[in-house]
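A.B. asks: Pasting a structure below so you can have a look.
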Amino acid sequence: MIREQQLTLALFYCQNVPESEEANRQALEEEFGKSIRLFPIPCSGRLDPVHLLKALERFADAAFIITCPEGACRYFEGNHRAKTRVERTKKILSDIGIEPERVGIIIGSKEAPKTLAELAKEILKKISQFECLKSRNSTVLPAERHSNSSHSQDLDREL
């Protein structure tokens, strides 16, 4: 019997996302285990393409960011910067032969705000169609030989 490999999502999110406090983060990590790695950031505009690429290189099969609603960024244009950077990352992935849909952005809504848990579940459902990057020999990224937990900690420190 062939066992399906588990996908891992690196989820970066603005700390202004509803119900994204530490207790909510821990509950999500407990519910989804190794399927999700959560990275709270003070502003989505701080995220750089290198953070998304490092997550994919080191442990993740997909990397997404959740921003605050347009016009609600406490740093004025953080979510606009994040959108531009995600598009740049998609272009890089496409250029190296990896599905650009493995990175994405969810811009929060003022009219119908969703919690971090709701958004995480939607993204996990969306990425379920992907094959694990680790199982694709021709496009496996070089740094995958290290353990997941140390790389999550490295990304935490960089942010």
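The values are calculated or read from the model by the stated rules, or taken from the named source; none is laboratory data. Being a predicted model, the structure only gives us computed values, none of them experimental. Because the Cβ atoms are built from the backbone with ideal geometry, glycine has one as well, and the counts that use them run over all protein chains shown.
A.B. asks: Can you name the number of the only condition in (1) over 17 Å from Glu101 (Cα atoms); (2) modelled with pLDDT of 90 or more; (3) among the charged types (D, E, K, R) that Arg74 fails?
C.D. replies: (2)
A.B. asks: While we're here: Taking into account only those residues within the range 60-77 that are out of contact with any Leu (no Cβ under 6 Å at 6 or more places or on another chain) and buried (at least 22 other Cβ atoms within 10 Å of the Cβ), which is nearest to Leu7 (Cα to Cα)?
C.D. replies: Within the range 60-77, the match that is nearest to Leu7 (Cα to Cα) is Ala60.
A.B. asks: Given the structure, is Glu87 in a helix (DSSP H, G or I) and either surrounded by 16 or more Cβ atoms within 10 Å (Cβ to Cβ) or touching a strand residue (DSSP E or B) at 6+ places or on another chain (Cβ under 7 Å) (or both)?
C.D. replies: no
A.B. asks: Then there is this: Of all residues in the range 36-55, which are crowded, with 24+ Cβ neighbours inside 10 Å and modelled with pLDDT of 95 or more?
C.D. replies: Leu52, Ala55
A.B. asks: Pairs under 6 Å by beta carbon, first residue part of a strand (DSSP E or B) in the range 65-81, partner crowded, with 16+ Cβ neighbours inside 10 Å and of a type in the set (Phe, Trp, Tyr), six or more apart or different chains?
C.D. replies: As it stands, the answer is Ile65/Phe12; Ile66/Tyr13, since those pairs meet every condition given.
A.B. asks: Specify the residue that is farthest from Pro113 (Cα to Cα); the eligible residues are those in the range 16-45 that are among the polar types (S, T, N, Q) and more than 14 Å from the chain's Cα centre (by Cα).
C.D. replies: Filtering the range 16-45 for residues that are among the polar types (S, T, N, Q) and more than 14 Å from the chain's Cα centre (by Cα), the one farthest from Pro113 (Cα to Cα) comes out as Gln26.
A.B. asks: Please go through the range 1-58 and pick out each residue that is part of a strand (DSSP E or B) and among the aromatic types (Phe, Trp, Tyr).
C.D. replies: Answer for the range 1-58, where residues must be part of a strand (DSSP E or B) and among the aromatic types (Phe, Trp, Tyr): Phe12, Tyr13, Phe39.
A.B. asks: Still on this structure, please answer the following. Against the condition within 21 Å of Val17 (Cα to Cα) and either modelled with pLDDT of 95 or more or not in a helix (DSSP H, G or I) (or both), how does Ile105 come out, does it pass?
C.D. replies: yes
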